[in-house]
Structures are given as structure tokens and as C-alpha cells.
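*Asks:* Take this structure, written in C-alpha cells, and hold onto it; I'll ask about it next.
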Amino acid sequence: ERERLTRLRHTPAVTLDAQAIELLANIEQPGDVASALRAGAEGVGLFRSEFLFMGRAGRMPDEEEQYQAYREAVEGMQGLPVTIRTIDVGADKPLDKSHKDSSLNPALGLRAIRWSLADPAMFRTQLRAVLRAAVHGPVKLLFPMLAHVGEIRQTLAQVDLARAELDARGMAYGPVQLGAMIEVPAAALMVQQFLHYFDYLSIGTNDLIQYTLAIDRADEAVADLYDPLHPAVLRLVADVIAAGARQGKSVSVCGEMAGDVGMTRLLLGLGLRSFSMQPAQILAVKQEVLRADARKLADWAQQVLAADDPASYMNAA
Ligand code: PEP
Ligand code: MG
């Protein structure tokens, strides 16, 4: 089976009805680009940059060190796009395991973009490093956990400021597309505003499920209630995909759902054309894509969406 999948590496991911599907890799370190390329990824859809910052006893990588890391990933992908998500620490991803987060609800606390906006100088250090790395190949910036239009404006203002700082220093930087993660229900519900401000969107289903269902994604005691097929979750995912399609803007899914072969047909049926996942899942998902007829799946996906119990419809297509 594994050998059979390996042969799909150079096969374009196209459905039976000729829809081209973008299959991207999630990475945590620049060195992971090797496995992304080996799996035939068409780019990096999510570089979780926080892994560069973790386990360093609070000493942050400076602009130069970050620049080198992003540049390594960008050059390693040989002209394919690399989506660099700004630091997403907090909750299930503590900066330093020895420092226990003492806030009452870390998942609802100062994490991800909130953490970055609370320390704009640190945030701009990362932004400058990413902008500089974009000289070496196509780069997309991605911001985690945005929920409020005020946060969107602050974030974009910091990007402008980071560019101005590089201009003032006379340093070269490249063009970047700007994107937002949709991983808080509020963001999914106000997707129109997000589409107004951003070039593309990426749905983080791991957190979107957590926050929609009020189920801690890391708590074993409620793990059985963590349901990717909950109708509320599916509706939010479907609405974001549809809104992006109407505006001609790219929407991808970069949560675990994208790499789950049991979900591939449903996501295709809902109109998803870009999936980002662990490299090890890419060929198996590609196999599902090659067997799928996206047009036929669309009607079935609408039935799944309308069902009280979507799980019972999943084998019916
Ligand atoms: C997500 O929330 O789905 C996601 C991709 O981000 P992370 O798992 O890193 O929180
Ligand atoms: Mg997330």
C-alpha cells in the first residue's frame, strides 16, 4: 500500500471531474521541508513558527536567527509558496514547559495574535524576519486566532510599520500575501470582514472545533465530545469556504481535518480546493482526491450539512 501511494507522488491531484486540488504541507521546523517535498507537497500551507521559539528558556530567537530559519524553509521549497504563521503560543503550546501558564483559561487567554499584539516590538521582529525571507521565494504571512476587527487593523498596521522599519534601514524585503486563520467562531461568522482585509483565509479546524463546542482539545476527559462532524462545526466550515469562493479568494483548511482521509470527500463536496496537512498524510489524501467527483459530491455534502447526525451520512456517498 505504501509503495502504491509513493507512486502517486508526481501525479497531479485532480478530481475525476477535472478540479485541481492543492495539497500543502504543515511543518514545524525548516528541516521539515524535505519531507514535504518527498510527499509531493505543492507548498507549505502552515509553518508553525512557534516551534522556533519553544524550549529556549525564554530567550527568543532574534531577527537574524529567525530570518535564517524562514529563508532556509523558503529556499528549501524551491520556488513553491511557504505560508509562515506568526507565533501561536499559549494554551496547548507553552513557550517553555517549565513555566506553567497560571491564567485560569489559557485557551481563552493571552495566546497567539493576542500575545503578539501585547508586545508589538517582538511581533515586528518576527514580521521583519519574514518580510526579508520573502526576497528568496514566495511567502505568505498567516495570523492565528484573530477574532476582532480591531485586532485585524492592529495586525495590518504592524506589518506596515515593519516594512517602514526595513525601509529606514535600507534593507531588502519581498512581497507577501496576507492571510488570516479562521479558528474562532466569531471569525467564521464575520468572514466577510476577513475577506475584505485579507488576501486569503485558512481554516484552523483544531481550534474551531474546540471553541465552537467548548471542548478543550487537550482534555482527555472530554475527548469523546470533540466532534469534527458536529453540524455547527460543519456549517461554519462550509460557510467560510463558500464565502471565499464567492469572492474568488483562496480558502484552505490547515487543521487535522484536512489530513483525515475520512473527511476528504466531504470537504471536496463543500467546495474546498486547498488542503494543508502533515506530510505523511498527503499521498493518502491525494488518492481520495483522484477517486472523487467533486460535482457529484456537492449534493451529498449539502445533505450531510443539513443532517441532525452527519456521521450517519458519511458512508452514503
Ligand atoms: C488549528 O487550530 O486547526 C491549527 C491548524 O492550528 P494549531 O493546531 O497549531 O492550533
Ligand atoms: Mg489553532
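The values are calculated or read from the model by the stated rules, or taken from the named source; none is laboratory data. Nothing here was measured: the structure is a model prediction, and the numbers come from that model. All Cβ positions, glycine included, derive from the backbone under ideal geometry; neighbour counts span all protein chains shown.
*Asks:* For the range 111-127, check the following and say yes or no: at least one residue is β-branched (Val, Ile, Thr) and out of contact with any Gly (no Cβ under 8 Å at 6 or more places or on another chain). Lay out the reasoning, then the answer.
*Replies:* Going residue by residue through the range 111-127, those that are β-branched (Val, Ile, Thr) are 113, 125.
Among the residues that remain, those that are also out of contact with any Gly (no Cβ under 8 Å at 6 or more places or on another chain) are: 113, 125.
So far as the range 111-127 goes, yes, one or more of its residues are β-branched (Val, Ile, Thr) and out of contact with any Gly (no Cβ under 8 Å at 6 or more places or on another chain).
*Asks:* Look through the range 25-43, keep the residues that are buried (at least 20 other Cβ atoms within 10 Å of the Cβ) and within 16 Å of ligand 2 (Cβ to nearest atom), and return whichever of them is nearest to residue 288 (Cα to Cα).
*Replies:* Per the criteria, the residue is 26.
*Asks:* Is it fair to say residue 201 is among the aliphatic types (A, V, I, L, M) and either more than 25 Å from residue 12 (Cα to Cα) or without any contact (Cβ under 8 Å) to a residue 60 or more places away in the chain (or both)?
*Replies:* yes
*Asks:* Of the residues 201, 189, 213, 236, which is within 16 Å of ligand 2 (Cβ to nearest atom) and either of a type in the set (Gly, Ala, Ser) or more than 19 Å from residue 275 (Cα to Cα) (or both)?
*Replies:* Matching residue, one of 201, 189, 213, 236: 213.
*Asks:* Filtering the range 19-28 down to residues that are in contact (Cβ under 8 Å) with a residue 40 or more places away in the chain and of a type outside the set (A, V, I, L, M, F, W, C), which residue is nearest to ligand 1 (Cβ to nearest atom)?
*Replies:* Looking at residues that are in contact (Cβ under 8 Å) with a residue 40 or more places away in the chain and of a type outside the set (A, V, I, L, M, F, W, C), I get 26.
*Asks:* Please indicate, with yes or no, whether at least one residue in the range 75-90 is away from ligand 1 (no atom under 16 Å from the Cβ), modelled with pLDDT of 95 or more and among the charged types (D, E, K, R).
*Replies:* So in the range 75-90, the residues away from ligand 1 (no atom under 16 Å from the Cβ) come out as 75-81.
Filter again for modelled with pLDDT of 95 or more, leaving 75-81.
Subset that is among the charged types (D, E, K, R): 75.
Yes, the range 75-90 contains at least one residue that is away from ligand 1 (no atom under 16 Å from the Cβ), modelled with pLDDT of 95 or more and among the charged types (D, E, K, R).
*Asks:* Residue pairs, Cβ under 6 Å, 6 or more apart or interchain, first in the range 63-85 and closer than 12 Å to residue 139 by Cβ, second of a type in the set (Val, Ile, Thr) and assigned to a helix (DSSP H, G or I). List them.
*Replies:* Pairs found: 70/130; 73/33; 77/33; 82/74; 84/130.
*Asks:* Sticking with this structure for a sec: With the checklist (1) away from ligand 2 (no atom under 16 Å from the Cβ); (2) assigned to a strand (DSSP E or B) in hand, flag the one item residue 131 doesn't pass.
*Replies:* The single condition residue 131 does not satisfy is (2).
A quick yes/no check of all residues on (1) modelled with pLDDT of 95 or more; (2) under 27 Å from residue 28 (Cα atoms):
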{"residue": "215", "(1), (2)": "yes, yes"}
{"residue": "253", "(1), (2)": "yes, yes"}
{"residue": "258", "(1), (2)": "yes, yes"}
{"residue": "267", "(1), (2)": "yes, yes"}
{"residue": "271", "(1), (2)": "yes, no"}
{"residue": "275", "(1), (2)": "yes, yes"}
{"residue": "288", "(1), (2)": "yes, yes"}
{"residue": "295", "(1), (2)": "yes, no"}
{"residue": "315", "(1), (2)": "no, no"}
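*Asks:* While we're on this one: Tell me yes or no: at least one residue of the range 231-245 is within 29 Å of residue 125 (Cβ to Cβ) and away from ligand 1 (no atom under 13 Å from the Cβ).
*Replies:* Residues of the range 231-245 within 29 Å of residue 125 (Cβ to Cβ): none.
No, the conditions are met nowhere in the range 231-245.
*Asks:* Could you grab me the full set of residues in the range 71-126 that are outside any loop (DSSP other than H, G, I, E, B) and in contact with a strand residue (DSSP E or B) (Cβ under 7 Å, 6 or more places away or on another chain)?
*Replies:* Within the range 71-126, 73, 74, 82, 83, 84, 85, 106, 112, 113, 115 qualify.
*Asks:* Can you find a residue that is within 16 Å of the chain's Cα centre (by Cα) and within 15 Å of ligand 2 (Cβ to nearest atom) anywhere in the range 159-178?
*Replies:* No, the range 159-178 has no match at all.
*Asks:* Within the range 159-180, how many residues are out of contact with any Leu (no Cβ under 6 Å at 6 or more places or on another chain) and more than 19 Å from residue 137 (Cα to Cα)?
*Replies:* 8
*Asks:* Same structure, new question: Can you pull out every residue in the range 1-18 that is part of a loop (DSSP other than H, G, I, E, B) and either in contact (Cβ under 8 Å) with a residue 40 or more places away in the chain or buried (at least 18 other Cβ atoms within 10 Å of the Cβ) (or both)?
*Replies:* Selection gives 8, 9, 11, 13, 15, 16, 17.
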